[in-house]
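Worksheet: one structure, shown below.
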Amino acid sequence: MIRAVSPDDRSAWRSLFRAYGEFYETQFDDDVLDSVWALLLTAGTGIDAIVAEQDGTVVGLAHYRSHPDTFTGGRDWFLDDLYVSPDARGAGHATALIEHIAELARGAGTPGTLRWITAADNKRAQRVYDRVATKTTWVTYEIRP
């Protein structure tokens with residue numbers, strides 16, 4: 001089951017998001033976790049979250065946002081973070097999370113695209129992504145000021 005994150009999900013979300021950070025070799029301190037959680041629960045911050053449940057337990061999360069698209073004049077969607085607990089992988093939760101956001105984007109009624117990035121060595125995730133989306137040729141750059 002996919003649903004919006006709720007205040008009751010704090011502990012499960014925190015555990016999953018911390019594990020997500022560790023997967024990408026990032027240690028989220030408590031201040032970061034508290035700040036992100038507050039953003040997710042505050043309307044109008046520009047970022048939203050959904051979770052995947054299995055047998056009443058939160059086993060996955062996705063953070064996403066929508067923004068104006070200069071190529072279409074509509075809205076684009078960006079999947080910032082996607083993580084499913086290792087014990088729950090292979091059951092379709094990642095696909096369901098992505099499809100839920102894609103449905104939200106379609107329901108917005110304006111042209112646009114749902115995009116995301118992943119690490120080049122995240123082959124397991126890429127197997128899912130290759131089934132549900134088109135891999136692009138865009139190259140990502142970043143500056144950390």
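Every read-out reported here was derived from the displayed coordinates using simple, explicitly stated rules and does not represent laboratory data. From a predicted model like this one, the values you see are computed outputs, not experimental measurements. Please note: Cβ atoms are built from the backbone with ideal geometry, for glycine as well, and neighbour counts cover all protein chains shown.
Couple of notes before you dig in:
- Boolean, Arg106 is surrounded by fewer than 16 Cβ atoms within 10 Å (Cβ to Cβ) and assigned to a strand (DSSP E or B): no
- Hey, Ala119 exposed (fewer than 14 other Cβ atoms within 10 Å of the Cβ), among the small types (Gly, Ala, Ser), in contact (Cβ under 8 Å) with a residue 40 or more places away in the chain and not in a helix (DSSP H, G or I) or not: yes
- Answer residue from segment 35-49, given it is in a helix (DSSP H, G or I) and touching a helix residue (DSSP H, G or I) at 6+ places or on another chain (Cβ under 9 Å) and is farthest from Asp81 (Cα to Cα) among those: Leu41
- Scan of segment 51-71 for residues that are of a type in the set (Val, Ile, Thr), in contact with a helix residue (DSSP H, G or I) (Cβ under 9 Å, 6 or more places away or on another chain) and surrounded by fewer than 20 Cβ atoms within 10 Å (Cβ to Cβ), ordered by number: Thr57
- Selection count, segment 105-133, where residues are over 17 Å from Leu82 (Cβ atoms) and either of a type in the set (Val, Ile, Thr) or touching a strand residue (DSSP E or B) at 6+ places or on another chain (Cβ under 7 Å) (or both): 3
- Residues of segment 72-95 satisfying the condition of being farther than 22 Å from Trp138 by Cβ and surrounded by fewer than 17 Cβ atoms within 10 Å (Cβ to Cβ): Pro86, Asp87, Arg89, Gly90, Ala91, Gly92, Thr95
This table checks each residue for (1) crowded, with 17+ Cβ neighbours inside 10 Å; (2) within 14 Å of the chain's Cα centre (by Cα); (3) in contact (Cβ under 8 Å) with a residue 60 or more places away in the chain; (4) closer than 21 Å to Ile117 by Cα.
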| residue | (1), (2), (3), (4) |
| --- | --- |
| Ala12 | yes, no, no, no |
| Leu16 | yes, yes, yes, yes |
| Tyr20 | yes, yes, yes, yes |
| Gln27 | no, no, no, yes |
| Val36 | yes, yes, no, yes |
| Thr42 | no, no, no, no |
| Gly46 | no, yes, no, yes |
| Ala49 | yes, yes, no, yes |
